[in-house]
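Working notes, structure below.
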Amino acid sequence: MKALQVDLGARSYPIYVGAGLLGEARWLVPYLAGRQVLIISNDVVAPLYLERARAALEGLAVDTLVLPDGEVYKTLETLERVFDALLEHRHGRDTTLVALGGGVVGDLAGFAAATYQRGVAFIQMPTTLLAQVDSSVGGKTGVNHPLGKNMIGAFHQPRCVVADTDTLRTLDDRQLRAGLAEVIKYGLIRDRQFLDWIEANLARILERDTEALAYAIEQSCRNKAEVVAGDERESGSRALLNLGHTFGHAIETGVGYGEWLHGEAVAAGTCMAADLSQRLGWLSVRDLQRITHLMGRAGLPIGPPPGLGPERFLELMAVDKKVKAGRLRLVLLRRLGEAVVTGDFDPALLRRTLEAA
């Protein structure tokens with residue numbers, strides 16, 4: 001088991017990464033606010049792991065809520081079901097929400113915790129690779145709107161993150177590959193040595209080698225924890241974590257939530273961001289080829305689906321949290337291992353990237 005720390009002063013919390021953590025009380029009980037607990041999961045994860053998680057909370061007042069699985073359910077309507085469960089079971093301000101599932105469950109449970117009675121405690125227990133390396137860490141919570149992904153939300157840090165790598169054994173191949181997009185992202189934006197390691201060990205990760213997966217998760221969480229500690233509310237450097245996300249969110253919204261997995265859209269968006277970076281003269285053609293080749297080796301898309309033309313892309317990208325004073329800003333690559341958030345690019349080059357894609 002590896003223990004990392006997200007240093008945020010009074011809101012600091014640990015990230016535990018290892019095998020067999022799910023059913024052990026010591027990773028959960030010390031971080032509860034009181035005796036009341038609501039475990040929130042979905043109808044894919046719950047049959048596999050809900051009882052094991054509940055067993056770790058024996059002797060406490062534990063309620064459970066199982067939601068339908070999928071990005072299409074990350075909505076205000078589904079959020080109402082969480083509030084209904086909390087109120088029906090009379091949960092007070094000393095309750096703790098436990099998010100047992102992937103990124104959708106974590107985002108929903110976190111947003112419910114941020115807003116129920118103006119804020120209660122919650123714990124992240126991510127069960128997908130993408131959630132373990134990215135969405136469970138950092139306190140971003142929220143739901144989607146038909147016009148834009150993650151446009152309704154709040155920053156609300158968990159009490160702890162418990163990433164049990166054993167849960168990845170039941171993860172389907174598509175979900176595993178989608179999580180790799182976020183792993184690769186960390187190497188591209190700030191950790192060139194990690195990028196080199198990913199390239200050398202990608203086959204081991206895809207084969208679910210226990211040691212390789214654990215190292216990929218640990219290094220990803222370490223990178224994210226450092227970024228979040230320096231910029232909790234994304235006023236500056238934390239935005240670098242959104243490499244590929246402006247393009248990717250446009251894809252997810254444009255094709256309909258759930259048609260593409262988040263990681264798949266981020267992979268395509270990262271390749272598009274790299275293409276624009278190359279057109280700006282920041283990346284070499286060889287760098288661009290290296291990125292697209294790595295995404296392809298991971299079994300991820302390197303371009304968007306057909307049917308999203310440049311005008312539609314621009315329309316969707318205009319609904320993005322990085323837009324300031326009406327100006328679109330993107331996360332681009334100065335070089336491999338170094339990213340920048342900028343609106344200082346020729347719109348004609350962006351259009352060429354969209355046309356080429």
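The values are calculated or read from the model by the stated rules, or taken from the named source; none is laboratory data. Note that this is a predicted model, so its numbers are computed, not measured. No Cβ is skipped: glycine too gets one built from the backbone with ideal geometry, and neighbour counts run over all protein chains shown.
Overview of results
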| quantity | calculated |
| --- | --- |
| Test set (1) in contact with a strand residue (DSSP E or B) (Cβ under 6 Å, 6 or more places away or on another chain); (2) outside any strand (DSSP E or B) - ALA163 fails condition number | (2) |
| Exclusive hit being surrounded by fewer than 20 Cβ atoms within 10 Å (Cβ to Cβ) and either in contact (Cβ under 8 Å) with a residue 60 or more places away in the chain or within 26 Å of LYS140 (Cβ to Cβ) (or both), set ALA229, ALA203, ALA216 | ALA229 |
| Residues satisfying the stated conditions in the stretch 115-143, i.e. in contact with a helix residue (DSSP H, G or I) (Cβ under 7 Å, 6 or more places away or on another chain) and charged (D, E, K, R) | ASP134 |
| GLU199 closer than 16 Å to ARG290 by Cβ and outside the structural domain of VAL45 (by TED's automatic domain parsing) | yes |
| The stretch 161-176 - residue that is buried (at least 18 other Cβ atoms within 10 Å of the Cβ) and touching a residue at least 60 places away in the same chain (Cβ under 8 Å) and, of those, nearest to ALA267 (Cα to Cα) | GLN175 |
| Pair list, Cβ under 7 Å, 6 or more apart: the stretch 117-131 residue within 16 Å of PHE155 (Cα to Cα), other residue of a type in the set (D, E, K, R) | GLN117/ARG93; VAL120/ARG93; ALA121/ARG159; PHE122/ARG159; ILE123/ARG159 |
| The stretch 66-114: number of residues that are among the acidic types (Asp, Glu) and either in the same structural domain as GLY256 (by TED's automatic domain parsing) or out of contact with any Gly (no Cβ under 7 Å at 6 or more places or on another chain) (or both) | 5 |
| Residues of the stretch 238-255 satisfying the condition of being small (Gly, Ala, Ser) and either out of contact with any strand residue (DSSP E or B) (no Cβ under 9 Å at 6 or more places or on another chain) or without any contact (Cβ under 8 Å) to a residue 24 or more places away in the chain (or both) | GLY248, GLY254 |
| Residues (surrounded by fewer than 23 Cβ atoms within 10 Å (Cβ to Cβ), touching a residue at least 12 places away in the same chain (Cβ under 8 Å) and outside any loop (DSSP other than H, G, I, E, B)) located in the stretch 287-300 | ASP287, LEU288, ARG290, THR292, LEU294, ARG297 |
| Scope the stretch 330-357; condition surrounded by fewer than 20 Cβ atoms within 10 Å (Cβ to Cβ) and not hydrophobic (A, V, I, L, M, F, W, C); matching residues | ARG334, ARG335, GLY337, GLU338, THR342, GLY343, ASP344, ASP346, PRO347, ARG351, ARG352, GLU355 |
